[in-house]
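A.B. asks: I am attaching a structure below and will ask some questions about it afterwards.
Each value in this text was obtained by applying a stated rule to the coordinates, not by laboratory testing. In this text the structure is predicted, and so the values were computed from the model without any measurement. Backbone-built Cβ (ideal geometry, glycine too); neighbour counts: all protein chains shown.
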Amino acid sequence: MDASERISWLRTEIAHHNALYYINDAPTISDAEYDVLLHELIALEAANPSLISDDSPTQRVGAPLSGGFAEVVHGRPMLSLANAFSADELIEFDARIRRFLELDQDADIQYCCELKLDGLAVSITYNKGVFYRAATRGDGTTGEDITANVRTIRSVPLRMTIEDAPELCEVRGEVYLPHAEFRRINDLREAAGDATFANPRNAAAGSLRQQDPKITAERRLAAAFYSIGESTTPEPQSQTSLLEWLRSAGLHTDSHVQLCNGIHDVVAHIEKWEQLRSALPYDTDGMVVKVNDADMQRRLGSVARAPRWAIAYKYPAQQVETIVEDILVQVGRTGAVTPLAKLRPVVCAGVTVSRATLHNQSEIDRKDVRIGDTVVIQRAGEVIPEVVSVVVAHRPESSVQYVIPPHCPSCGTELVRPDGEAVIRCPNVAECPAQLQTRLEHFVSRLAFNIDGLGGERLAQMIDAGLVKSAADIFRVKPDDLLGLDRVGTKLVENLVSGIDASRTVTLSRFIYALGIRHIGERAAEILANHFGTLSALRGASTDTLVKVHEIGLSTAESITEWFAAHQETIDDILSAGVIVEDAAVPVSRDILAGQIYVFTGALERLTRESAEALVRSLGGTATGSVSKKTTCLVAGPGAGSKLAKAESLGITVIDEAAFIASLPDDVDIK
Ligand code: IVH
């Protein structure tokens, strides 16, 4: 293959992987493998400049629009960064800058080093300090309007926290998903029978592209800012002062910023972080190195839509090869069947890995993973290990394609694939021992009933012996029954029985969590407990009532009503086995001002007239503009005149603004 053929092959290949990554959020190769392809293309084109064409992936920034969202033309293009993969390339970057600026060979340039957060670039426009619009980078010139979704990100302030906010200020940064949140979302998706996200970056991308912002809000995305686009603020003198300004405006910036003197300091800093980065609670795939001085930046300018003054150093992905010893099928508590690769143990990114998820049958098919295969595994997003690809050259001749068996490995029931779901399930919800086992493991787990001494193994024994067929049965086991179990002596029985007794009384939120309702994690359980206060209020709630609860979406609401519709007996059974569910703090009635008619007069200090009236209405009361016999309360501030006199003559209660605010329930938002 000559250079021109190779270039054209690389372009097609890269375009294909770009589409999988950016459009489908489902890459089939690792970032490191992608970077190798791109790097080879960059090198070949550099050696053969006549072969460069406009449609080469090296000439394009980012991804095409996926449609569905309105277009936003960026005030200033959103640039991309050139990449470096070695210390030599960083030194070359520094040398280029010196040549360009005609600097002395021994003058050290100051570089601002920032972690390269592995998420999605966003641009957010603030008008007079007020959050106005958010957009993706798109192709660098035109992005997608994702205002509604970005608005839900808590670390994005809706108003800048500075006195003299600029007329216009477009800030840029990265939206990403911290590891804990990534795990929480994938756990929920697994429980719900949805395909799990391959890594936090894809989960963040999927969340930003939601048509329903409520779903985005449920995924607690984070954002960190690192640059300013179109703006009426004076240009900061350096990258470090820019970051300081962003922080002063209330915009989150990543805390691991280091100012380095000269490129050798930069290299040392990057080496130090190669190890440290795996302990961070979010993903970083490299280090962005920026000339700190703004004047130098201006002189350097940009080329091919990337600034000359910055470069992204990319850490090599943490990948290793090992062998698939077996493929196991795991049955979850909702019956979802997940294939798992049992691996020959291998150390990857400092952790011994012996299992990797294979997600579902279509993932297995796409990668064609077989028992006996040598595979490349990667700690995806440095969190859970996944199989990246198969080394087909090392495949044993006798190997056969893997197909998930048609029957449940635990109860033998034929597996089903419900319409529209990616996941295969065992439909034998009531009796499948594997489902019962995982349901009960969840029921007794730390955040649920937290029963000391009752782990998976003991539960399995109890289920096998027929002692426990449901959650309620746990509270009915007798010491004598337990004594009959293998390797269980009196001491252990005592401990178990006292552990079970000690957890008979639970808080409402733990109880809700313990039920293992799809979509209900620890936080949702807490929200429900605080809202409804009692189990009886929750078990009788309709979907309509549930969706009105702040942060409970439609699919969650439906899953709750469906669950309770099918499990009223289960609950009664648990209660009759002696479980006591403590009520949560009595929720505040939303209608405490029903029948009350308020009038506001005079000046208000903390509230505006409109917001005070809106508050009254939100609590079920009425707000009117004039005092009459029907008025029940007049809120009078300084300067009150005729309305106050009339109210007094009619004997109507008169209070001031402070007393009005004090009379409201604690959890009312006062703006
Ligand atoms: S600066 C001209 N700083 O990396 C300025 N980018 O490979 C361009 N990224 O599109 C961006 N962390 O999505 C910059 N601290 C950081 C970054 C960062 C992550 C992403 C960003 C950018 C991509 C370029």
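A.B. asks: Under the rule a/c < 1.5 gives rounded, and otherwise a/b versus b/c splits prolate from oblate, where does the stretch 85-196 land using the Cα gyration tensor?
C.D. replies: oblate
A.B. asks: Using 1/(1 + (r/R0)^6) with R0 = 60 angstrom and r between the beta carbons of V257 and D464, what's the FRET efficiency to the nearest 0.05? Present the calculation step by step, with values, prior to reporting the outcome.
C.D. replies: Numbers: r = 56 Å, r/R0 = 0.94.
So the FRET efficiency works out to roughly 0.60.
A.B. asks: Right, another one. Take the Cβ-Cβ distance between D656 and H550 as r, set R0 to 41 Å, and report the resulting FRET efficiency rounded to the nearest 0.05.
C.D. replies: With R0 = 41 Å, the Cβ-Cβ based efficiency is 0.85.
A.B. asks: Also: Peptides 327-335, 248-256, 296-304: what's the order by average Cβ count within 10 Å, highest mean first? Numbers along the way, then the final one.
C.D. replies: On the way: 327-335: 19.3, 248-256: 16.7, 296-304: 14.0.
Highest mean packing first, the order is 327-335, 248-256, 296-304.
A.B. asks: Another one. In nm, what is the difference between 0.36 nm times the number of residues separating D187 and L103 and their Cα-Cα distance?
C.D. replies: Taking D187 through L103 to full extension adds about 24.8 nm, to one decimal.
A.B. asks: Taking 1 over the mean of 1/r across every pair of different Cα atoms in the stretch 132-278, what Kirkwood radius in Å do you get?
C.D. replies: Radius from the Kirkwood sum: 17.3 Å.
A.B. asks: Pairs K214/K548; K272/K367; K314/K367: which are spaced more than 24 Å apart, C-alpha to C-alpha?
C.D. replies: Going by Cα-Cα distance, K272/K367; K314/K367 fall outside the 24 Å limit.
A.B. asks: I've got another one for you. Can you tell me the dipole magnitude for the chain around its Cα centre, using point charges on the Cβ only (Lys, Arg +1; Asp, Glu -1), in Debye to the nearest 20?
C.D. replies: Dipole of the chain, to the nearest 20 debye: 1520 debye.
A.B. asks: Now for a separate question. Summing +1 for each Lys or Arg and -1 for each Asp or Glu, what net charge is found among the other residues whose Cβ lies under 15 Å from the Cβ of K629?
C.D. replies: That works out to +2.
A.B. asks: Hey, can you rank 282-288, 418-424 by average C-beta count inside 10 Å, highest first?
C.D. replies: 282-288, 418-424
A.B. asks: Further, regarding this structure: Which of the peptides 521-530, 306-315 is most tightly packed, and how do the rest follow, judged by the mean count of other Cβ atoms within 10 Å per residue? Could the numbers behind the result be given before it?
C.D. replies: Details: 521-530: 19.0, 306-315: 21.3.
The densest-packed peptide leads the list: 306-315, 521-530.
A.B. asks: Note the full-extension length gain between R609 and T570 as 0.36 nm times their separation in residues minus their Cα-Cα distance, in nm to one decimal.
C.D. replies: Stretched fully, the R609-T570 segment lengthens by 9.0 nm.
A.B. asks: Using the beta-carbon distance between I91 and V36 and R0 = 22 Å, what value does 1/(1 + (r/R0)^6) give for FRET efficiency, to the nearest 0.05?
C.D. replies: The calculated FRET efficiency here is 0.55.
A.B. asks: Once you sort the root eigenvalues of the Cα gyration tensor of the stretch 208-271 as a ≥ b ≥ c, which label holds: rounded (a/c under 1.5), prolate (a/b larger than b/c) or oblate (the other case)?
C.D. replies: oblate
A.B. asks: For K643, which lysines qualify as cross-link partners when the Cα separation must be under 26 Å and same-chain residues fewer than eight apart are set aside?
C.D. replies: K629, K630, K671
A.B. asks: If you don't mind, there's one more thing I want to ask. In straight Cα distance, which aspartates and glutamates are under 18 Å from K469, not counting same-chain residues fewer than 8 positions off?
C.D. replies: Candidates past the 8-residue exclusion: E431, E441, E457, D480, D481, E569, D572, D573.
A.B. asks: Is the chain rounded, prolate or oblate when judged by the Cα gyration tensor, a ≥ b ≥ c being the square roots of its eigenvalues, rounded requiring a/c under 1.5 and prolate requiring a/b larger than b/c? Kindly include the intermediate steps, with their values, before the conclusion.
C.D. replies: On the way: a/c = 2.28, a/b = 1.09, b/c = 2.08.
It is oblate, given that a/c is not under 1.5 and a/b is not larger than b/c.
A.B. asks: Which net charge results when you count Lys and Arg as +1 and Asp and Glu as -1 among the other residues whose beta-carbon is under 9 Å from that of Q239? Write down the numbers at each step before the final one.
C.D. replies: On the way: positive: K290; negative: E114, D293.
Cβ neighbours under 9 Å give a net charge of -1.
A.B. asks: Along the charge dipole of the stretch 531-641, which of V549, I580, G625 sits closest to the positive end, that is, farthest toward it, with unit charges on the beta carbon of Lys, Arg, Asp and Glu (+1, +1, -1, -1)?
C.D. replies: It is G625.
A.B. asks: Plugging the Kirkwood radius over Cα pairs into Stokes-Einstein for the stretch 469-572, at a temperature of 10 °C and a viscosity of 1.306 mPa s, what D comes out in µm²/s?
C.D. replies: Stokes-Einstein gives a translational diffusion coefficient of 103 µm²/s.
A.B. asks: Only Cα pairs under 8 Å and at least 6 apart count here; give the relative contact order of the chain as a rounded whole percent.
C.D. replies: Value for the chain: 9 percent.
A.B. asks: Let me check I've understood the local charge: for H407, count other residues with C-beta under 13 angstrom from its C-beta, Lys and Arg +1, Asp and Glu -1. What total comes out? Mind dumping the intermediate values first?
C.D. replies: Working: positive: R425; negative: E414.
Overall, the nearby charge balance is 0.
A.B. asks: Extending each Cα 7 Å along its Cβ direction at T352 and L328, get the distance between those two points in nm, one decimal.
C.D. replies: In this crude spin-label approximation the distance works out to 1.5 nm.
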